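Notes for the one structure printed next.
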Amino acid sequence: MNLEELKYKDELDKSYGISGMVISLVACDGEELLSAVSMDAPAGESVAMTNDYFFRGNPRISAKIAWNTMIGHFRLSISMLLGNVMCRNYVLRRLPVDRATADSLRELVRSGASDACTLEADEADAIFDRCYHDIDRLFSHHGVHSMAVEFSDVLRKRRSLEAREAIEILNSLGNR
């Protein structure tokens, strides 16, 4: 499998991918970093994040805090990537993520870990495995399936949502 196969097939596929990213972000307590979502944005820009998400350090804070922030944001990125793929597979197609796709995602994460955080492959694998486990459990839950279906429907109708609106919609769907 190559990354070309991860491209959205159509608008429905895209809406489920975006839904998976937002659901994962909220499940990982990263909602304060969400700015907006848009069906009409190019594929890599459909989920807009706040400036805090792109944190690159600050000389006024300790190196440990800066490092932990960078690693935390990297984990959120991995979780959103996995949420995108798993929502499209588990909820839309009702298929598991195959081994080739999981391996390609792992390689993508390794490359990103080296560039973004100067992590070694084994460190990147440990983060990937934990995120994979968590997001797999999330999207294996049928309550999350109905949430994803409904959020995807709202997103296709409204086309874009500010962070506050997206969070409110997910909260209302999760409280049924």
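Key figures for this structure:
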item: Qualifying residue in segment 14-34 (condition: crowded, with 18+ Cβ neighbours inside 10 Å, farther than 26 Å from Ser114 by Cα, touching a helix residue (DSSP H, G or I) at 6+ places or on another chain (Cβ under 7 Å) and of a type in the set (Phe, Trp, Tyr)); result: yes
item: Test: residue in segment 115-123 that is without any contact (Cβ under 8 Å) to a residue 40 or more places away in the chain and closer than 15 Å to Leu81 by Cα; result: no
item: Selected residue [touching a helix residue (DSSP H, G or I) at 6+ places or on another chain (Cβ under 9 Å), open to solvent by 80 Å² or more (accessible area, probe 1.4 Å) and aliphatic (A, V, I, L, M)] from Leu138, Leu95; result: Leu95
item: Residue list for segment 89-141, filter: within 15 Å of Ile23 (Cα to Cα) and among the acidic types (Asp, Glu); result: Asp134, Asp136
item: Cβ pairs under 7 Å, 6+ apart, first in segment 35-56 and under 21 Å from Gly72 (Cβ atoms), second modelled with pLDDT under 90; result: Phe55/Thr69; Phe55/Met70
item: Enumeration of residues in segment 111-127 that are more than 21 Å from Lys7 (Cβ to Cβ), open to solvent by less than 70 Å² (accessible area, probe 1.4 Å) and in a helix (DSSP H, G or I); result: Ala113, Ser114, Ala116, Cys117, Ala121, Ala124, Asp125, Ala126, Ile127
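Results for (1) under 12 Å from the mean Cα position of the chain (by Cα); (2) assigned to a loop (DSSP other than H, G, I, E, B), shown as yes or no for each residue.
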| residue | (1), (2) |
| --- | --- |
| Val22 | yes, no |
| Val26 | yes, no |
| Pro59 | no, yes |
| Lys64 | no, no |
| Ile71 | no, no |
| Met80 | yes, no |
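Residue-by-condition table, conditions (1) over 25 Å from Phe74 (Cβ atoms); (2) open to solvent by 40 Å² or more (accessible area, probe 1.4 Å); (3) at pLDDT 95 or above:
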{"position": "Asp134", "(1), (2), (3)": "no, yes, yes"}
{"position": "Val149", "(1), (2), (3)": "yes, yes, yes"}
{"position": "Arg156", "(1), (2), (3)": "yes, yes, yes"}
{"position": "Arg159", "(1), (2), (3)": "yes, yes, yes"}
{"position": "Arg176", "(1), (2), (3)": "yes, yes, no"}
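The values are calculated or read from the model by the stated rules, or taken from the named source; none is laboratory data. These numbers come from a predicted model, not from an experiment. We place every Cβ from the backbone using ideal geometry, glycine too, and count neighbours over all the protein chains shown. Surface areas here come from the heavy atoms of the whole protein model, side chains and all, with no ligands, DNA or RNA. Shrake-Rupley method; radii C 1.70, N 1.55, O 1.52, S 1.80 Å.
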